[in-house]
Amino acid sequence: MSISPKIVVIILTALLFTGCGSAESNPPLTIEQIQLLETASTNPIQLQGELSEMFAFGSKHTDLQRDIMRGKLVGSIVQWKLPVYEVSLSNGVYKVQTKGGVRIGQKGMDLMTVIIYISPRIAEDQRTMELLKTGDMISFRGKVSEIMFRSFVIINPAILIRLKGS
């Protein structure tokens, strides 16, 4: 009996959001860590496009190509804007899970799910996090700590980014 890739993703999402990779072990960021995230150059690789296509189940890319991409991404700082799926809070750190795909009718794109551990820097960050709803967009800058199960990118630590006009 074969399990469909969609079932695997649902099970892995449930495991990740119910405890695996818990924010409990993530203390809020120090001033030095925040300054590093604010000033470090960012990796130009974006979640949309080649990265998500490469790690998608049924992808034509090879394990070697995924390993090379993982090596380019893990440990680097990224700045992305993604749709929110869920938000939780533990010990002052917000855990945000993004939507794994963006669809309007039959059109859209498959995206890897991103789990982001965001430390608020100011009271406005905290208010923003508390007001987020499923489908809202979140802009953040953070360190890619790992890519798991070809489906999840873990960003830890991260900070909110306020884009001009938002």
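With all protein chains present, calculate the accessible area of Glu53 using a 1.4 Å probe and round the result to the nearest 10 Å².
Here the residue's solvent-accessible area equals roughly 110 Å².
Using a 1.4 angstrom probe on the protein heavy atoms only, could you order Lys133, Lys60 from most to least accessible area?
Lys60, Lys133
Any idea of Met137's accessible area? Nearest 10 Å², probe 1.4 Å.
Answer for Met137: close to 100 Å² accessible.
On a 21 Å Cα-Cα criterion, which of the cross-link pairs Lys72/Lys143; Lys81/Lys133; Lys60/Lys99; Lys95/Lys133; Lys99/Lys133; Lys72/Lys133 come out too long?
Among Lys72/Lys143; Lys81/Lys133; Lys60/Lys99; Lys95/Lys133; Lys99/Lys133; Lys72/Lys133, the Cα-Cα distance tops 21 Å for Lys60/Lys99; Lys72/Lys133.
Arrange the residues Asp63, Asp136, Asp125 by how much accessible surface each exposes, largest first, with a 1.4 angstrom probe.
Solvent-accessible surface, decreasing: Asp63, Asp136, Asp125.
The values are calculated or read from the model by the stated rules, or taken from the named source; none is laboratory data. Fair warning: this is a prediction, and the values are worked out from it, not measured in the lab. Each accessible area value is taken on the protein alone, full model and side chains, heavy atoms only, with ligands, DNA and RNA left out. Shrake-Rupley method; radii C 1.70, N 1.55, O 1.52, S 1.80 Å.
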